[in-house]
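Engineer: Structure provided below as structure tokens; questions to follow.
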Amino acid sequence: MNDKNQEIVRGAFREYYFKHSSQVEMPQDIAHREFGYMHLAAGMTRHLSFKSRGEVMAGLVREVPSDVYCSNAIYRFPTLPMNEKQWQGADLIFDIDGKDLDLPCVPSHTYRVCASCKHVSPPSEKEYACLSCASKKAEHVSIPCSRCIDGSKKEAKRLIDFLIEDLGINKSSIRLYFSGNNGFHFHIDDESYRPLDSPARSDLVGYLSGIGLMAESIGVRKSPGSDLAFVKFPKGGLDYGWRKKIADRLKIDATSAIKLSNRIKEKGFSAFKSEVDSMAREAGVRIDPQVTTDVHRVFRMPGTLNSKSGLTKKRCDIDQIDSFDPFQEACLLGDSKIKVHLKTPVKFSLKGESFRISKESAELPAFAAVYLICKGLADAS
Amino acid sequence: MSIRVGPGDLAKYPFLNEAGEYLRQSGFGWDELEKPEMKEIIDTAASRIAAGTAGQVNDSLERYEKEILVFLVSLILVKSISIEPVLKKYSLSEARRAEKFLTEDLKKQTDPQKRALFAKIFEDLFSLKIDVAENGRLFKVKVTDYLRRSSHFHEQEWRMINRLVSRGFVFLDADEVVRLVRNELAILIHDRVAKMNIPQMPAAIRQKADELRAELAPKVQYRAQAVTEYPPCIKHALEVMGRAENLPHSARVMLATYLLAVGKPVDEVVEVFKNAPDFNEKITRYQVEHLAGTKGSRVKYSVPSCDKLRTENLCFATGDCAGIINPMQFGRKRA
């Protein structure tokens, strides 16, 4: 980000941390968390520690980081190097990222920024080649649309269902946030999950993502030496958890052993096995496995700004998820006028206002100008 | 309801604190191990250790006074042999023996007295709370208690997705509940031996320990062979690289840590990535050196486990992968 852009973004971010300090949520055991800042100029500072809300907020207004992170882990000595921190446990967290959902709308709002000359090409279905220097390497910048958000919401709702129905987590222990760009973050306030190590969390991720489901777990076993199978439903029945999910999809219940057996006869065991595997992956939630399994991660702090957009990591009531509009509710920067030079024609909506700009320069409210600068689609002029 | 551990239970579970209490009350002292009538006890203990080291599980059950002494003498002998693999194998065989009895007893869970005893064993020794499920046929443990243990098992059937899970509980039958704590039971026995402090070893024990050491030492040493072929996950990653297609970051970490671990120099590993669509030699070299532990955090990264690779969709297991938990074990055989 050039100096002029940095100056604009810093001003808008500082004003946010000054005016909207109540948005910033502090973690439990604040003194035992590791904090980290990403800087507007570049680079990251980790291993920071604060004792109180006041200290955190003073740091934000003074430093104006581009992004603020806090560890999901609790350490005895949060400022020491990683192997000396003395890990005491970590909150369970999940990340649903719209860009991992392979949504069909994405190419229609993805801009390409050339890796060599930084020229910006507007969305296009054609194979990429920079219009200015013909390079084929580019960074992809997406302006998420309401369909992207709906896609992430669908995954979030599926995760909430797993957390409550299968894992028995209290609804009140689930904190859901819009990530500040194109997805949702979950923070789970359930201390029994804190001691779990990385392999245990990885198993949990497998469960939620529908990875590794065996046909045997619904009672279908391969007959030795052939591609046939025999069916004996498990003692615990097919009424809960994954067994129910798969049974529902196969349209079977505890009385359908013969029906299922005939079905497998037609296709063979191997084909049935892959069918069950794809059903499970389809019914699973698309969460980022790295985020949940990493027990030393610094994770975006609730209520802080995301420098990919200038939007806030904003709390979303899980009962109101359908009506939650992040482009309205998470857009909390000011609206003083800022002149920008646009690198490409753009269209987007923020704070209930639709912008469709094809001119090279424009005067925009700060929230919109910062949005485009953060996306790399405009420069402050 | 008060819970009484009877003599029959002590014979099966001599590691319970009540067994030590029984010995104290009976006035047992170290010097008694020198008595000629103890020879039978020492011999039984020695043969159990030899069998345990060979992977056998002894499930014979003598009268409880003898079982408690045999267990105690076995611990002293293993301590005295002082070869870690012998201790590990012995601990596991004792754990499996107890596992067998626990499973049988747990299946008789209709007796409330027994049920309470087992709940107590699980809670006291392993901090694991077990309840009988509403249908009365299965047991239930909390999801977090399950995950903490099962994630260290290698078999796919123990992944939580292959379990009956509902409202925060995992439902298991008696065999599975006991299997869940087998490793902890082995650790408990291992730690008890490791922490044992024997002021003066009786001569009869010393002599038996020397014999056992000479017999067992050569059996527990083995040498690993060099890797002959790449595992399928690595082959797949190399093929993707060969086609100059994009490989996710996690797959690159897997590939680099694997190649480094089998002894490839950094230059050669960097070369493997030169086909990547976003290849930048400077960045790649730094990252490979970081993984090798020569740059940055100075921590050498290990090859991700098969479990982790499965979660990241990087596992392409074939039949040759049976029984391995890390790509590094692929193709390695005991000499």
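Engineer: Take residue A:296 and residue A:278, extend 7 Å from each Cα along the Cα→Cβ direction, and tell me the distance between the two endpoints in nm.
Structural biologist: 4.0
Engineer: Something else about it: From the P(r) of region A:254-309, can you give the percent of Cα pairs sitting at distances over 12 Å?
Structural biologist: The share of Cα pairs beyond 12 Å in region A:254-309 comes to 79 percent.
Engineer: Same structure again: In whole Å, what are the extents of chain A along the principal axes defined by its C-alpha atoms, from largest to smallest?
Structural biologist: That works out to 72, 53, 37 Å along the principal axes.
Engineer: Any idea what Rg and Dmax come out to for region A:215-283 if you just take the C-alpha atoms, in Å?
Structural biologist: In Å, with Rg to one decimal and Dmax whole: 11.1, 32.
Engineer: Still on this structure: May I ask for the equivalent-ellipsoid semi-axes of region B:228-277, computed as the square root of five times each C-alpha gyration tensor eigenvalue and listed largest first in whole Å?
Structural biologist: 16, 13, 10
Engineer: Could you work out which residue, out of A:180, A:206, A:241, moves most in a Gaussian network model of chain A, that is, has the largest mean-square fluctuation with Cα springs under 10 Å?
Structural biologist: The residue that fluctuates most here is A:241.
Engineer: Rounded to the nearest 10 Å², what accessible area does residue A:87 have for a 1.4 Å probe in the complete protein model?
Structural biologist: For residue A:87, solvent-accessible area is about 80 Å².
Engineer: Can you tell me the Rg and the Dmax, both Å, for the Cα atoms in region B:7-220?
Structural biologist: 18.6, 59
Engineer: Could you tell me the calculated FRET efficiency between residue A:353 and residue A:7, based on Cβ-Cβ distance and R0 = 22 angstrom, to the nearest 0.05?
Structural biologist: About 0.35, to the nearest 0.05.
Engineer: Starting from the 7 Å offset along Cα-to-Cβ, what nm value, one decimal, do you get for the label separation of residue A:136 and residue B:132?
Structural biologist: About 6.9 nm, to one decimal.
Engineer: In bins 5 Å wide, starting from 0, what share of all Cα pairs of region B:232-329 does each bin hold, as a percent?
Structural biologist: With 5 Å bins starting at 0, P(r) equals 2, 13, 25, 25, 19, 11, 3, 1.
Engineer: Let me ask you something else. Cut-off 10 angstrom, C-alpha nodes, Gaussian network model of chain A. Which of A:98, A:352, A:284 fluctuates the most?
Structural biologist: Ranking A:98, A:352, A:284 by mean-square fluctuation puts A:352 first.
Engineer: Identify which of B:93, B:26, B:305 has the largest mean-square fluctuation in a Gaussian network model of chain B, with springs joining Cα atoms closer than 10 Å.
Structural biologist: In the Gaussian network model the winner is B:26.
Engineer: With an 8 Å cut-off on Cα pairs and a minimum separation of 6 or more residues, tell me the relative contact order of region B:140-247 in percent.
Structural biologist: Reported relative contact order: 17 percent.
Engineer: Moving on to the next point. Any of B:35/B:100; A:99/A:313; B:100/B:120; B:114/B:140; A:244/B:100; A:171/A:308 with alpha carbons more than 28 Å apart? Name them for me.
Structural biologist: Values: B:35/B:100 32 Å; A:99/A:313 17 Å; B:100/B:120 18 Å; B:114/B:140 17 Å; A:244/B:100 32 Å; A:171/A:308 30 Å.
Flagged as over cut-off: B:35/B:100; A:244/B:100; A:171/A:308.
Engineer: Compare the Cα positions of A:344, B:196, B:183 along the charge dipole of the protein assembly as shown (+1 at Cβ of Lys, Arg; -1 at Cβ of Asp, Glu; about the Cα centre) and return the one farthest towards the positive end.
Structural biologist: A:344
Engineer: From the C-alpha gyration tensor of the protein assembly as shown, pull out the three semi-axes of the equivalent ellipsoid (sqrt of 5λ each), sorted largest to smallest, in whole Å.
Structural biologist: 55, 29, 28
Engineer: Dipole size in debye (nearest 20) for chain B around its Cα centre, Lys and Arg Cβ +1, Asp and Glu Cβ -1?
Structural biologist: So the magnitude is around 580 debye.
Engineer: Got a sec? Which residues of region B:290-312 lose 40 Å² or more of accessible surface with every protein chain in place, vs. that chain alone, 1.4 Å probe?
Structural biologist: Correct list: B:311.
Engineer: Can you tell me the convex hull volume per residue for region A:164-323, based on C-alpha atoms, in Å³ to the nearest whole number?
Structural biologist: Taking the convex hull of the Cα positions in region A:164-323, it is 159 Å³ per residue.
Engineer: Let me ask another. What's the Cα-based Rg to Rh of region B:10-60, Rh via Kirkwood?
Structural biologist: 1.02
Engineer: State the three equivalent ellipsoid semi-axes of region A:1-102, derived from the C-alpha gyration tensor as the square roots of 5 times its eigenvalues, in descending order and whole Å.
Structural biologist: 25, 18, 15
Engineer: Treating cross-link reach as a plain straight distance, find the aspartates and glutamates whose alpha-carbon is under 14 Å from the alpha-carbon of residue A:137, omitting any fewer than eight places away in the same chain.
Structural biologist: Once the sequence-local aspartates and glutamates are set aside, what remains near residue A:137 is A:127, B:245, B:278.
Engineer: Would you list the P(r) distribution for region A:334-381, with all Cα-Cα distances sorted into 10 Å bins from 0 and each bin expressed as a whole %?
Structural biologist: With a bin width of 10 Å, the distribution comes to 30, 65, 5.
Engineer: With r as the distance between the Cβ atoms of residue B:200 and residue B:268 and R0 = 35 Å, compute the FRET efficiency 1/(1 + (r/R0)^6) and round to 0.05. The partial results should precede the final answer.
Structural biologist: Details: r = 58 Å, r/R0 = 1.65.
Computed FRET efficiency for residue B:268 and residue B:200 comes out at 0.05.
Engineer: Nearest 20 debye, what's the magnitude of the dipole of region A:9-110 about its Cα centre given +1 on Lys and Arg Cβ and -1 on Asp and Glu Cβ?
Structural biologist: 480
Engineer: Could you work out [θ]222 nm for chain A from helices alone, using -39500 (n - 2.57) per DSSP H run of at least four and dividing by all its residues? Round to the nearest 500 deg cm²/dmol.
Structural biologist: Details: 10 runs with 111 residues, N = 381.
Dividing the helical sum by the residues of chain A leaves -9000 deg cm²/dmol.
Engineer: Rounded to the nearest 10 Å², what accessible area does residue B:90 have for a 1.4 Å probe in the complete protein model?
Structural biologist: 0
Engineer: Extending each Cα 7 Å along its Cβ direction at residue A:21 and residue B:320, get the distance between those two points in nm, one decimal.
Structural biologist: About 6.4 nm separates the two model spin labels.
Engineer: Using 0.36 nm per residue, how much length does the chain from residue A:230 to residue A:266 gain when fully extended, once their Cα-Cα distance is taken away?
Structural biologist: The span from residue A:230 to residue A:266 would gain 11.7 nm if fully extended.
Engineer: Moving on. Would you calculate, for chain B, the mean residue ellipticity at 222 nm contributed by helices, counting each DSSP H stretch of 4 or more residues as -39,500 (n - 2.57) and dividing by all residues, to the nearest 500?
Structural biologist: -17500 deg cm²/dmol
Engineer: In addition: Measuring from a point 7 Å past the Cα of residue A:319 along Cα-to-C-beta, which residues in region A:128-170 have an amide N at less than 15 Å?
Structural biologist: In region A:128-170, the label zone of residue A:319 (backbone N under 15 Å from the point 7 Å along Cα→Cβ) covers no residue.
Engineer: Counting Lys and Arg as +1 and Asp and Glu as -1, each charge on the Cβ, what is the dipole of region B:5-152 about the Cα centre in debye, to the nearest 20?
Structural biologist: On the way: 24 positive and 24 negative charges, 146 e Å.
Charge dipole of region B:5-152: 700 debye, to the nearest 20.
The values are calculated or read from the model by the stated rules, or taken from the named source; none is laboratory data. Worth saying up front: this structure is predicted, and the values here are computed from it rather than measured. Every residue, glycine among them, receives a Cβ derived from its backbone with ideal geometry; neighbour counts consider all protein chains shown. These accessible areas exclude ligands, DNA and RNA; they are computed on the full protein's heavy atoms, side chains included. Shrake-Rupley method; radii C 1.70, N 1.55, O 1.52, S 1.80 Å.
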